[in-house]
Amino acid sequence: MIDRNLLREEPERIREALRKRGADFDLDRLIELDETRRELLEVEQLRARRNELSGQIGQVIRDGGDAEALKAEVGELKAQIAEMEAELEQVEAEFEQMMLEIPNLPLDEVPAGADEDDNVVVKEWGEPRRLDFEASPHWEIGTRLGILDFEGAARIAGARFVTNVGAGATLERALINLMLDTHTRKHGYTEIEPPLLGNATSLTGTANLPKYEDDLFKTTDGFYLVPTAEVPLTNMHQGEILEAEALPKHYCAYTPCFRKEAGAAGRESRGLIRLHQFHKVEMMKFVTPETASEELAQLVRNAETILEMLGLAYRRVALCTGDLGHQPRQTFDLDVWMPGMERWVEISSCSQYGEYQARRCNTRYRPEPEAKPVFVHTMNGSGLATGRTVAAILETYQQADGTVEVPEAVRPYMGGMPVITPPLP
């Protein structure tokens with residue numbers, strides 16, 4: 001949620017930000033609602049006048065005087081107040097809804113552009129592996145090895161689910177442990193095991209609601225399955241006022257994630273890339289405004305460290321204004337090279353939000369003791385999406401004989417297993 005003072009003081013700044021985003025948002029209507037809302041708030045003066053007159057009526061009657069004129073004026077005020085209150089309720093509801101729908105304002109350093117074709121590669125690491133045999137995509141590798149069962153999962157739940165079997169399950173669990181151990185022991189994050197359900201307030205706090213309602217799984221009693229650990233982590237201090245010395249706060253969590261992916265289709269519909277249920281280790285920070293950019297750079301490096309430990313070639317991509325998500329004001333994606341798919345695939349998305357989420361969650365801090373509370377800045381990033389990491393390992397480390405080499409960094413978490421081999425006949 002943006003600062004409503006910007007509507008009154010810097011509307012052209014908002015208009016330019018929306019233009020850069022290519023956002024279809026009726027800013028003129030929002031400004032009009034804000035002006036109408038402020039006019040209708042004068043109802044408070046009418047209420048005060050009504051209360052004053054009511055007190056005078058009582059005094060006049062006690063003094064034996066005629067209070068009919070005062071009663072008539074109070075009656076007119078009541079009617080006027082009722083009409084204004086009804087209109088104010090409608091205006092407030094529409095105003096608040098639009099404030100939830102307006103996207104965040106990109107930072108000036110975000111590259112201008114219309115879509116993903118205008119994103120900017122700012123770093124490359126490692127040499128994308130070129131195999132001297134015909135490379136297979138990970139879903140074929142996993143099926144041949146008997147470690148990924150898509151057909152069985154489809155019978156259990158439907159399309160876009162997978163069952164990890166044997167070494168497949170061990171590999172993903174090992175990656176989760178590697179990532180959590182690295183982020184907590186080396187990068188200084190506090191591990192959290194959060195709820196996997198969130199209420200509407202929490203999903204609104206992270207701006208998943210109302211924008212992405214159609215992508216969420218909702219229970220019959222109003223809870224939502226978390227689409228990412230970002231939701232519970234960002235809401236850990238919902239409604240709280242933190243002290244400056246408590247910042248920054250660095251959290252990480254492993255959770256299953258649940259998404260309908262309602263708008264997703266095409267080339268990512270096979271394999272592990274776009275599932276309804278997947279696994280992810282998430283990093284999340286509460287920081288002060290002055291340190292936000294530095295903290296984001298560190299968060300991105302923390303995610304990159306995992307890829308480097310696994311020997312997976314990647315690139316860092318600065319998303320342009322037209323490809324920026326609804327919530328972030330800046331995003332860097334990490335794309336990993338998939339030899340079997342013969343393309344780059346996003347494996348982590350690291351974003352900072354400024355006050356956008358904190359305003360919705362009402363999470364503030366005091367810069368100084370006794371100072372007026374101000375909003376914290378939030379940011380998060382995948383560290384990493386473990387299913388996609390499994391896919392990248394299968395494709396990168398596939399061998400000509402059909403086996404898959406296990407990266408050195410993850411072997412201690414797999415009992416020293418050096419190679420994943422096909423099941424015995």
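Annotations for the structure displayed:
- Selection from the stretch 364-396 of residues that are in contact (Cβ under 8 Å) with a residue 24 or more places away in the chain and among the aromatic types (Phe, Trp, Tyr): 365
- Note on the stretch 214-230: residues that are closer than 22 Å to residue 359 by Cβ and either in a loop (DSSP other than H, G, I, E, B) or modelled with pLDDT under 95 (or both) amount to 5.
- Of all residues in the stretch 326-343 being more than 17 Å from residue 230 (Cα to Cα) and crowded, with 19+ Cβ neighbours inside 10 Å, the one that is nearest to the chain's Cα centre (by Cα): 334
To keep it simple, each residue is scored yes or no on (1) of a type outside the set (Val, Ile, Thr); (2) open to solvent by 30 Å² or more (accessible area, probe 1.4 Å); (3) part of a helix (DSSP H, G or I).
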site	(1), (2), (3)
345	no, no, no
348	yes, no, no
352	yes, no, no
365	yes, no, no
368	yes, yes, no
391	yes, no, yes
411	yes, yes, yes
417	yes, yes, no
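- Selection count where residues are charged (D, E, K, R) and in contact with a helix residue (DSSP H, G or I) (Cβ under 6 Å, 6 or more places away or on another chain), scope the stretch 16-46: 2
- For the stretch 370-384, a residue qualifies if it is modelled with pLDDT under 95 and either of a type in the set (A, V, I, L, M) or part of a strand (DSSP E or B) (or both), and exactly one does: 371.
- Any hit, the stretch 375-388, residues being among the small types (Gly, Ala, Ser), over 30 Å from residue 205 (Cβ atoms) and touching a helix residue (DSSP H, G or I) at 6+ places or on another chain (Cβ under 6 Å): no
- Residue list for the stretch 299-325, restricted to those being open to solvent by 20 Å² or more (accessible area, probe 1.4 Å) and within 18 Å of the chain's Cα centre (by Cα): 322, 323, 325
- Top-ranked residue of the stretch 147-174 - restricted to ones that are touching a Lys or Arg at 6+ places or on another chain (Cβ under 9 Å) and not hydrophobic (A, V, I, L, M, F, W, C), ranked as surrounded by the most Cβ atoms within 10 Å (Cβ to Cβ): 160
- Beta carbons closer than 6 Å, at least 6 apart along the sequence or on distinct chains, pair a first residue in the stretch 175-197 that is open to solvent by 40 Å² or more (accessible area, probe 1.4 Å) with a second that is assigned to a loop (DSSP other than H, G, I, E, B) for 196/226; 197/223.
- Residue 70 vs. criteria assigned to a helix (DSSP H, G or I), open to solvent by less than 40 Å² (accessible area, probe 1.4 Å) and at pLDDT 85 or above: no
- Answer residue from the stretch 88-143, given it is crowded, with 16+ Cβ neighbours inside 10 Å, of a type in the set (D, E, K, R) and over 25 Å from residue 30 (Cα atoms) and is modelled with the highest pLDDT among those: 140
The values are calculated or read from the model by the stated rules, or taken from the named source; none is laboratory data. Keep in mind that what you see is a predicted model, and the values were worked out from it rather than measured. Cβ sites come from the backbone with ideal geometry, for glycine too, and all protein chains shown count toward neighbours. Note: areas computed on protein heavy atoms with side chains; ligands, DNA, RNA excluded. Shrake-Rupley method; radii C 1.70, N 1.55, O 1.52, S 1.80 Å.
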